[in-house]
Amino acid sequence: MNTDRLTHALLLIAGLLLLINGICAFEQNPIMLLISSLLIIGGICVLVVAIKFIWHNTRKT
């Protein structure tokens, strides 16, 4: 379905934005390091899920 493709593409973009935001937010402050690390981990998780959905959707069709 087209809505599934759009949703997966938006999920991929959201994961990339989380990852980029986490990379750009690094500072020496321990709290910012924690937040940056959480953003990077969250971005990687969202990217993995999005790629898995896209891969599953392309293999199904």
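Tabulated data for the structure shown
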read-out: Length added when fully stretched, residue 51-residue 6, from 0.36 nm per residue minus Cα-Cα; value: 14.9 nm
read-out: Length released on extending from residue 23 to residue 44, taking residue separation times 0.36 nm less the Cα-Cα span; value: 6.4 nm
read-out: Per residue, in Å², the accessible surface of the chain once ligands and nucleic acids are set aside, probe 1.4 Å; value: 78
read-out: Length added when fully stretched, residue 32-residue 13, from 0.36 nm per residue minus Cα-Cα; value: 4.5 nm
read-out: Of 11, 34, 47, the one that fluctuates the most in a GNM where the chain has Cα springs shorter than 10 Å; value: 34
read-out: Relative intensity, log₁₀ I(q)/I(0), of segment 1-44 from a Debye sum that treats every alpha carbon as a point, q = 0.27 Å⁻¹; value: -0.81
read-out: Solvent-accessible area, 1.4 Å probe, carbon plus sulfur percent, for the chain; value: 75
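The values are calculated or read from the model by the stated rules, or taken from the named source; none is laboratory data. Because the structure is predicted, anything quoted here is derived from the model rather than measured. Quick note on the areas: whole protein, heavy atoms, side chains included, nothing else; ligands and nucleic acids left out. Shrake-Rupley method; radii C 1.70, N 1.55, O 1.52, S 1.80 Å.
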